[in-house]
Amino acid sequence: MFLLLLFMRLLALSDFHYDPIKWITEQKFLYLEEFAKKEKVDSVILCGDNSQMWYGQEYHHRFFSRIMKIFPCPVGFVCGNHDLWARGFNFSSRELLEDKFPEIAKSHDMKYLEHEDIEIGDWKIIGTYGHYDCSLTQLDKIVTQDAIQKGRLEYSDKVNEYEIVYNDVEQMKWKGEKDKEICRKLIARLEERLSSIDEKKRIITISHTLPSKRSTGKDYSIKQNFIRAFSGSTKLGDILKKFPVNYHFCGHSHAPFQGKIGNAMVVNVGSDYHTLRFVLLDTDSGKITRFQQEKYYH
């Protein structure tokens with residue numbers, strides 16, 4: 001019956017970071033369950049960093065099973081960088097992205113939005129992990145290309161010394177593929193898919209990584225200038241300007257943001273490790289409502 005809907009209430013969730021060892025995980029689920037009892041939801045999209053990696057993707061299976069029980073409606077997802085941490089496992093990040101997660105989606109009757117769409121009435125929902133290409137940062141004497149390649153920034157001021165480590169450099173395993181090329185290929189695939197959509201359709205896109213500096217939701221600092229190297233790509237922003245996208249949902253930076261790129265309303269869900277946030281879009285009114293877990297359940 002979902003395909004007959006003219007309007008929908010779409011829930012966007014990102015950066016859940018499922019980890020059964022951490023006590024906050026069950027609190028997040030309890031909050032979602034209480035929400036689902038009160039609010040009608042027609043579709044759910046997951047914008048990546050869904051779960052910590054574990055052998056056989058066991059944690060991902062647990063997470064998706066729980067989500068499908070809470071929300072018995074069409075559910076689609078893309079990967080986040082944490083979902084692609086292949087180091088220590090017998091596959092690459094590319095194999096996870098292109099082979100493992102499509103299989104996981106099929107086993108849970110979900111849509112893997114990197115490869116396929118959700119279509120509800122006049123709406124099409126498509127997505128990509130996105131990756132990053134350093135285009136959101138500004139290289140200078142402190143944030144250098146060498147520091148980015150190593151994933152480690154060391155600097156000091158008059159009072160303190162700082163060390164910032166970005167774990168993707170060690171935890172992802174792309175077998176020689178360069179970040180810029182990975183990013184270019186994924187966004188080119190999104191562009192190709194958008195090109196084939198019927199012009200009568202209304203479009204929602206999702207990504208894990210970000211389409212602009214502003215959408216990180218964080219002000220400039222030396223630390224943020226370094227982290228922006230791993231945050232997204234202006235190429236994704238160019239896609240939003242090129243095509244008639246109505247809404248774009250993303251995550252990754254753990255900070256809320258809402259603003260326009262072209263005609264697309266860009267919404268960074270803003271969820272964090274210890275603070276569950278999500279948004280609900282009513283496509284009839286265009287209203288976007290934010291929800292945040294304000295108390296813990298015992």
> Any residue in segment 77-88 that is buried (at least 19 other Cβ atoms within 10 Å of the Cβ) and either farther than 20 Å from His252 by Cα or at pLDDT below 95 (or both)?
Replying inline: no
>> For the structure I just gave you, tell me whether Tyr155 is surrounded by 15 or more Cβ atoms within 10 Å (Cβ to Cβ), hydroxyl-bearing (Ser, Thr, Tyr) and part of a strand (DSSP E or B).
In response: yes
> Would a scan of segment 54-76 turn up a residue that is of a type in the set (Gly, Ala, Ser), at pLDDT 95 or above and touching a Ser or Thr at 6+ places or on another chain (Cβ under 8 Å)?
Replying inline: yes
> Conditions: (1) of a type outside the set (D, E, K, R); (2) surrounded by fewer than 16 Cβ atoms within 10 Å (Cβ to Cβ); (3) in contact (Cβ under 8 Å) with a residue 24 or more places away in the chain; (4) in a loop (DSSP other than H, G, I, E, B). Leu136 meets all but one. Number of the miss?
Replying inline: (2)
>> For a quick check of your reading of the model, give me the residue pairs whose first member lies in segment 154-166 and is touching a residue at least 60 places away in the same chain (Cβ under 8 Å), whose second is aliphatic (A, V, I, L, M), with beta-carbon atoms closer than 6 Å and at least 6 apart or on different chains.
In response: Tyr155/Ile142; Ile164/Leu153
> Taking segment 185-231 only, how many residues are out of contact with any helix residue (DSSP H, G or I) (no Cβ under 7 Å at 6 or more places or on another chain), among the basic types (Lys, Arg) and at pLDDT 95 or above?
Replying inline: 6
> For segment 166-211, what are the residues that are within 19 Å of Ser271 (Cβ to Cβ), touching a strand residue (DSSP E or B) at 6+ places or on another chain (Cβ under 7 Å) and either surrounded by fewer than 22 Cβ atoms within 10 Å (Cβ to Cβ) or of a type in the set (A, V, I, L, M, F, W, C) (or both)?
Replying inline: Ile204, Ile206, Leu210
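The values are calculated or read from the model by the stated rules, or taken from the named source; none is laboratory data. Nothing here was measured: the structure is a model prediction, and the numbers come from that model. Please note: Cβ atoms are built from the backbone with ideal geometry, for glycine as well, and neighbour counts cover all protein chains shown.
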